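The values are calculated or read from the model by the stated rules, or taken from the named source; none is laboratory data. What you are looking at is a predicted structure, and each value in this text was computed from that prediction instead of being measured. When we count neighbours, we look across all protein chains shown, and the Cβ atoms used for this are built from the backbone with ideal geometry, even at glycine.
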Amino acid sequence: MMLRISLAVAALLAAGSPIAAQEQPYPSRQIELVVPFPAGGGADVSARMVAQIAGDSLGQPVVIQNKGGATGAIGSEYVARATPDGYTLLLATGSTHAVLPAYRTDLPYDTVTSFAPATLVALIPNMLVVNPKKVPVASVAELIKYLKDNPGKLNFASSGPGSSIHFAGELFKLMTQTQMTHVSYRGSAPALNDLLAGSVDLIFDNMPVVWPQVQQGNLRALGVASLERTPLAPQVPAIAESLPGFEAVSWVGIVAPAGTPPAIVDKISQAFGAAVLRPEITSRLQELGYTPARNTPAEFTQFIRDDRAQMAARRARGEPVGKVTSRHCCWSTGISWRTRAIEERAALPSTNRWAGAKTPPSRSWMKTYGSSPPTCCSGKSGRDPG
């Protein structure tokens, strides 16, 4: 009798072990996709658009969990510490995995080694918008003049210190030699609410977040932060038309905790890649201002490493936290050719150019612009700094 009980207990323990779990077909239950920002921001919108389709492909629901705070660090840490079984995923962004690690050296995880990248999902241009009731300008040139005539009078909002939105504002200040006060929020949604209420003056936010408010007349768009105009809003000039070399773009993608079995990572990559390929998802993403993209786990891993390395190089040079130096201008150019290369390998044939605009392939772009740096680079090469 005791032997039978012991064997039964051993069987129950084995059934609950990680090894037994891995033997079960993946997935066998719902999957949690953590968005490390509050609901309503650009990252959240893209996650919700692909989650349902990916869940249909996987045969189990993909449930969104918003865990905002600390510019994405709280949600990122939650996933980094999760069991690496494919049931807890993170929507990684340019802010969480490239910019933030350069501004914070005390993160309780490593954005390269603590995650297993699955696939890129979309590329996102930022858009400079102002509250028209507070800021009496209608163009980038007018804004620059206003800032020079009224130093320190305006403020700009961001989704948090060390975010790509914060970086865009600091880059603009540097390149225009103007002053604005940075006002940090716990995500794009609360920042947008205060911008609409008139508590802050302007923001360089993801285009899918602010463009609907521009269309409704609540905000005024001064420029897009991609190198060229976007087909979604061809009437809105690129900031680079008034400020050569200015570029501030972001991206979103899916990562799992490090140690997740490669076969599971591949399955996640294929499911979310298939979601991006769905015509209705592709069209909707493009309508909102995203550039749909997909790639392999290996390609996405290298993409993240490249962005992280460039920001880490600035930190190693001892540049002050939260500040932007002239080398940032060169770096902002560098992200463009890396992004374009990913697009050409990974995005849909109809969207394999930056936002569908008139853009040469990455090699041609590098050849054309590689020796023609933005004006703030003081004659240095426009390629990524070493």
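May I ask you to list pairs of residues, at least six apart or on different chains, whose Cβ atoms are under 9 Å apart, with the first in region 216-227 being among the β-branched types (V, I, T) and the second being surrounded by 24 or more Cβ atoms within 10 Å (Cβ to Cβ) and at pLDDT 95 or above?
Note: pairs meeting the criteria are V224/M127; V224/L128; V224/I239.
Are there any pairs with C-beta distances below 7 angstrom linking a residue in region 64-86 that is over 21 Å from A54 (Cβ atoms) to a residue that is in a loop (DSSP other than H, G, I, E, B) and of a type in the set (D, E, K, R), with the two at least 6 apart or on different chains, and if so which?
From region 64-86, the pairs are G68/R186; G69/R186; I74/K67.
Within region 96-115, can you find the residues that are farther than 10 Å from S76 by Cα, part of a loop (DSSP other than H, G, I, E, B) and under 16 Å from the mean Cα position of the chain (by Cα)?
V112
Can you name every residue in region 267-293 that is farther than 18 Å from G42 by Cβ and either outside the structural domain of V112 (by TED's automatic domain parsing) or touching a residue at least 40 places away in the same chain (Cβ under 8 Å) (or both)?
K267, I268, S269, Q270, A271, G273, A274, L277, R278
How many residues does region 275-297 hold that are in a helix (DSSP H, G or I) and under 20 Å from the mean Cα position of the chain (by Cα)? Write out each step before concluding.
Kept after step one, since they are in a helix (DSSP H, G or I), are these residues of region 275-297: 275-277, 279-288, 297.
Adding the requirement that they be under 20 Å from the mean Cα position of the chain (by Cα) leaves 275-277, 281-288, 297.
Number satisfying all stated conditions: 12.
Confirm whether Q24 is at pLDDT below 95 and either of a type in the set (S, T, Y) or not assigned by TED's automatic domain parsing to the domain that holds P279 (or both).
On the way: at pLDDT below 95: yes; either of a type in the set (S, T, Y) or not assigned by TED's automatic domain parsing to the domain that holds P279 (or both): yes.
Spelling it out, Q24 is indeed at pLDDT below 95 and either of a type in the set (S, T, Y) or not assigned by TED's automatic domain parsing to the domain that holds P279 (or both).
Hey, among the residues in region 111-130 that are over 23 Å from R229 (Cβ atoms) and not aliphatic (A, V, I, L, M), which one's modelled with the lowest pLDDT?
Ranking the candidates gives T111 first.
Report yes if some residue within region 201-219 is surrounded by fewer than 24 Cβ atoms within 10 Å (Cβ to Cβ), modelled with pLDDT under 95 and under 21 Å from I144 (Cβ atoms); otherwise report no.
No.
Counting only residues that are surrounded by fewer than 19 Cβ atoms within 10 Å (Cβ to Cβ) and either small (G, A, S) or touching a strand residue (DSSP E or B) at 6+ places or on another chain (Cβ under 6 Å) (or both), which one in region 243-265 is nearest to Q24 (Cα to Cα)? Lay out the reasoning, then the answer.
So in region 243-265, the residues surrounded by fewer than 19 Cβ atoms within 10 Å (Cβ to Cβ) come out as 244, 258-259, 261-263.
Narrowing the set further to residues that are either small (G, A, S) or touching a strand residue (DSSP E or B) at 6+ places or on another chain (Cβ under 6 Å) (or both) leaves 258-259, 263.
Details: A258: 20, G259: 17, A263: 13 Å.
Filtering first and then ranking leaves A263.
For region 116-165, give me the residue count where each residue is more than 17 Å from the chain's Cα centre (by Cα), touching a residue at least 60 places away in the same chain (Cβ under 8 Å) and assigned to a strand (DSSP E or B).
Residues that pass the stated criteria total 2.
Among (1) aliphatic (A, V, I, L, M); (2) surrounded by fewer than 24 Cβ atoms within 10 Å (Cβ to Cβ); (3) in contact with an Asp or Glu (Cβ under 9 Å, 6 or more places away or on another chain); (4) not assigned by TED's automatic domain parsing to the domain that holds P262, there is one condition I144 misses while meeting the rest; what is its number?
(3)
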